[in-house]
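Colleague: Encoded as structure tokens, here's the structure I'll be asking about.
Values quoted throughout were computed directly from the atomic coordinates according to the rules given, and no laboratory measurement underlies them. Since the structure is predicted, the reported quantities are computational estimates derived from the model, not experimental observations. Here the Cβ positions follow ideal geometry from the backbone for every residue, glycine too, while neighbour counts run over all protein chains shown.
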Amino acid sequence: MRAWGFVAAAYGIVWGVILLYLYSLKRRYNQAAAKLNELRSDGGQR
Amino acid sequence: MAKQLQPAHNRKGILGALALVAVAVGLYWSLVVAPPDAYQGEVQRIMYLHLPSILIAYLSYFLVFIGSGLYLWKREKRDDILAHAAAEIGVLFTALTIIEGSIWGRPTWGVWWTWDARLTLTAILLLIYVGYLMLRSLIEDENRAATAAAVLGIIGFLDIPLIHMSVYWWRTLHQPPSILRPDKLPWENVHPSMLTALTISFVGFLLLYFYLLSLRYRIGEMRQEIQALRLKRGA
Amino acid sequence: MTLLGQAYLLLWKDVLLELRRRDSLLTMFFFGTLLLFVFHFSFDLAPERVPEMAPALLWLAFLFTGTLGLAQLFQAERENNCFDALLLSPLDRGALFLAKTGFNLILMVLVEIVVIPLFWILFNLRSWNLLPQVFLVTLLGTIGFCVLGTLMSAITLRARARELLLPLVLFPLMIPVILATIRCMEEVLRTGQFGDALPWLRLLLGFDVIFLTAGVLIFDRVIES
């Protein structure tokens, strides 16, 4: 049963980290997209 | 403007969904369907993470190499963006590979770390590409940073076979006469569903990788465009 | 003018500059010797164990000393804006790479010629007859170090924390050289000949050739502004 503890740890850490990274990517993506839209729409006005 | 993004956005969405499905099926196969190993027991299931992880890492570094080479040759920004994105995700998967290897090693060999060829190699890989990322962040000028990184991306990749050879020779020539022979995967009597689990997991990781890469690449592209727009505005 | 001809000219310029002031050479020499002293105090080796540890200690000393030299490598060009002059001239950039690598190699070899016998004296080694083989291995390893070191030195020129970044990117790449030279030297000191260590020697040679070639080809793209 101890063995499943290691398996759980491995799978847990791996997918946890991947999800965190995915979250980080999404955040950066949205930030960049927002900034880009802002700059593009600004251009129309100037 | 938003309409322009839609097709690419949709493709990414489909890729992401496919990845999710493959990963889920892979998880089910790895944890439920495949039987425990005759020698290693349940712990062997970690291999369904470990092997795909390291393969993905190598794939990533190959892409860094290609991107770096193309960038030095043609100086097109998109190759640099690809190299940077691939390096970042490569480092992620390399770190995961080491963690998985370590967790697998504890019940198998009794230790959290050993200087066997595989783990050592993976650690060196991590050092090289973390160095790549640090190099990029420490150089102010964008173009210089891209050039410097490209050189490291090429040289680093060329060095990998040499590092492989030297570390493997080192470890096999100095093998301590004990039960700890961690270079070999004790895969006896491979049950077919184990191979299936491995394959599905690998496919899942691969799809996930390209999904992450496409996101990270797009972020790089957007940043590039943001910079260009800012320059035009004189901001 | 041929690639080698150009390289020779540039190399000669650096050598002349160094002959005049000998900054790099002396600093590297004293630093190498200092490291030997520090190692002696740190490791407190029994005489029987010295031949085992000697290769590793020697190579560590040269690695750190060489890194010092690398930090200085493009100093003259940076200070006097010579890069612009070099870029405007019809020189093959590969020649600059060969010249800089060659210059660092000369500096390191000069240091090694003194430090290796010094090591033998300080650590009471008897195997003076093995010095030629030791020098050969050291030379091959030093070439590998200088080749990659020059490349890394060039690309980190404008980086922040340059003195830290240079070793950080260089050392992992050097691992084949470190392993090969130390294993070769161990074999030589143990048995008096290369024997089992021949594959390591071939690896060193291959490493030198591969990265010398890559360096010459790539350097063109490295020095742009």
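Colleague: Say a paramagnetic label sat at a point 7 Å from the Cα of B:LEU206, along Cα to Cβ; which residues of the range B:50-77 have their backbone N under 18 Å from it?
Modeller: Hits in the range B:50-77 for B:LEU206 at 18 Å: B:50-64.
Colleague: To continue, here is another question. Between B:ILE66, B:ILE139, B:ILE160, which gets the highest mean-square fluctuation from a Gaussian network model of chain B, Cα cutoff 10 Å?
Modeller: B:ILE139
Colleague: Over chain B, what is the mean sequence separation of C-alpha contacts under 8 Å (at least six apart), divided by residue count, expressed as relative contact order in percent?
Modeller: Details: 234 pairs, mean separation 85.6, N = 235.
The normalised contact order for chain B reaches 36 percent.
Colleague: Which residues make up the longest stretch of chain B clear of GluC sites (Glu not before Pro) that lie in a DSSP loop with no more than 13 other Cβ atoms within 10 Å, not counting the sites?
Modeller: Working: sites that count: B:GLU76, B:GLU140, B:GLU188.
That would be B:1-75.
Colleague: Follow-up question, since we're still on this one. Given +1 on the Cβ of Lys and Arg, -1 on the Cβ of Asp and Glu, and no further charges, what dipole in debye does the range C:1-104 carry about its Cα centre, rounded to the nearest 20?
Modeller: Working: 8 positive and 10 negative charges, 48 e Å.
The dipole of the range C:1-104 has a size of about 240 debye.
Colleague: Right, something else. Please give the helix B:117-138 orientation as an angle from the longest Cα principal axis of chain B, in degrees from 0 to 90, rounded to the nearest 10.
Modeller: In chain B, helix B:117-138 runs at an angle near 20 degrees to the longest axis.
Colleague: For chain C, modelled as a Gaussian network with Cα springs under 10 Å, which listed residue fluctuates most, C:LEU151, C:LEU198, C:LEU60?
Modeller: Most flexible of the set in this elastic network: C:LEU198.
Colleague: Using only the alpha-carbon atoms, how far is helix C:50-72 inclined from the longest principal axis of chain C? Give it as 0 to 90 degrees, nearest 10.
Modeller: Computed tilt is about 20 degrees.
Colleague: Now a separate question. Beyond 22 Å, what percent of the Cα pairs of chain B remain? Please report the intermediate quantities before stating the final value.
Modeller: Details: 16594 of 27495 pairs.
Of the Cα pairs, 60 percent sit more than 22 Å apart.
Colleague: Label points 7 Å out from Cα along the Cβ direction at C:LEU164 and B:MET134: separation in nm?
Modeller: Computed distance between label sites C:LEU164 and B:MET134 equals 0.8 nm.
Colleague: Helix C:175-191 versus the longest principal axis of chain C: what is the Cα-based angle in degrees, 0 to 90, to the nearest 10?
Modeller: 30 degrees
Colleague: Another one. So what's the gap between the Cα centers of the range C:129-207 and the range B:71-115, to the nearest angstrom?
Modeller: 25 Å
Colleague: About its Cα centre, how strong a charge dipole does chain B have in debye, to the nearest 20, once Lys and Arg get +1 and Asp and Glu get -1 at the Cβ? Intermediate results must be reported in sequence, preceding the final value.
Modeller: Details: 21 positive and 16 negative charges, 160 e Å.
Charge dipole, chain B, about its Cα centre: 780 debye, nearest 20.
Colleague: From the cross-link list B:LYS77/B:LYS232; A:LYS35/B:LYS12; B:LYS77/C:LYS13; A:LYS35/B:LYS77; A:LYS26/B:LYS232, which pairs have alpha carbons spaced over 25 Å apart? The partial results should precede the final answer.
Modeller: On the way: B:LYS77/B:LYS232 17 Å; A:LYS35/B:LYS12 20 Å; B:LYS77/C:LYS13 37 Å; A:LYS35/B:LYS77 20 Å; A:LYS26/B:LYS232 27 Å.
In this structure, B:LYS77/C:LYS13; A:LYS26/B:LYS232 exceed 25 Å between Cα atoms.
Colleague: Here's something else I'd like to know. Does the range C:48-157 come out rounded, prolate or oblate by the C-alpha gyration tensor, with a ≥ b ≥ c the root eigenvalues, rounded set by a/c under 1.5 and, if not, prolate when a/b is larger than b/c and oblate if not? Display every interim value, and only then the final one.
Modeller: Numbers: a/c = 3.25, a/b = 2.71, b/c = 1.20.
Taking the square roots of the gyration eigenvalues as a ≥ b ≥ c, the range C:48-157 is prolate.
Colleague: According to the square roots a ≥ b ≥ c of the eigenvalues of the Cα gyration tensor, what is the shape class of the range C:3-222, taking rounded for a/c under 1.5, prolate for a/b larger than b/c otherwise, and oblate for the remainder? Write down the numbers at each step before the final one.
Modeller: Values: a/c = 2.09, a/b = 1.68, b/c = 1.24.
Note, shape of the range C:3-222 comes out prolate.
Colleague: Based on the alpha-carbon gyration tensor of the protein assembly as shown and its eigenvalue square roots a ≥ b ≥ c, which shape applies: rounded if a/c is under 1.5, prolate if not and a/b is larger than b/c, or oblate? Present the calculation step by step, with values, prior to reporting the outcome.
Modeller: Working: a/c = 2.60, a/b = 1.20, b/c = 2.16.
Note, shape of the protein assembly as shown comes out oblate.
Colleague: Could you give each residue of the range C:123-133 its phi-based ³J(HN,Hα) in whole Hz, using Karplus coefficients 6.51, -1.76, 1.60 with θ = phi - 60°, and x for Gly or Pro?
Modeller: After applying 6.51 cos²θ - 1.76 cosθ + 1.60, I find 9, 6, 7, 9, 7, 4, 5, 8, 4, x, 5 Hz.
Colleague: For B:LYS74, give me every one of the aspartates and glutamates with a C-alpha distance below 20 angstrom, ignoring sequence neighbours fewer than eight places off in its own chain.
Modeller: B:LYS74 reaches B:ASP141, B:GLU142, B:GLU221, B:GLU225, C:ASP92, C:ASP220, C:GLU224.
Colleague: Could you tell me which of C:MET152, C:PRO117, C:GLY192 has its Cα farthest along the dipole of chain C towards the positive end, charges placed at Cβ (Lys, Arg +1; Asp, Glu -1), taken about the Cα centre?
Modeller: Positive-end residue among those listed: C:MET152.
Colleague: Separate question: In Å, what Rg and Dmax follow from the Cα atoms of the range B:5-74?
Modeller: Spelled out, the Cα radius of gyration and Dmax of the range B:5-74 are 17.7, 53 Å.
Colleague: Taking a quarter of the surface of the Cα convex hull of the range C:1-57, what do you get in nm²?
Modeller: Values: hull surface 23.8 nm².
The orientation-averaged projected area of the Cα hull of the range C:1-57 comes to 5.9 nm².
Colleague: Can you run the Rg to Rh ratio on chain A? Use alpha carbon positions and the Kirkwood inverse-distance Rh.
Modeller: On the way: Rg = 19.9 Å, Rh = 13.4 Å.
Answer for chain A: 1.49.
Colleague: If you place +1 on the Cβ of every Lys and Arg, -1 on the Cβ of every Asp and Glu, and leave all else neutral, what size is the dipole of chain A about its Cα centre, to the nearest 20 Debye?
Modeller: Charge dipole, chain A, about its Cα centre: 40 debye, nearest 20.
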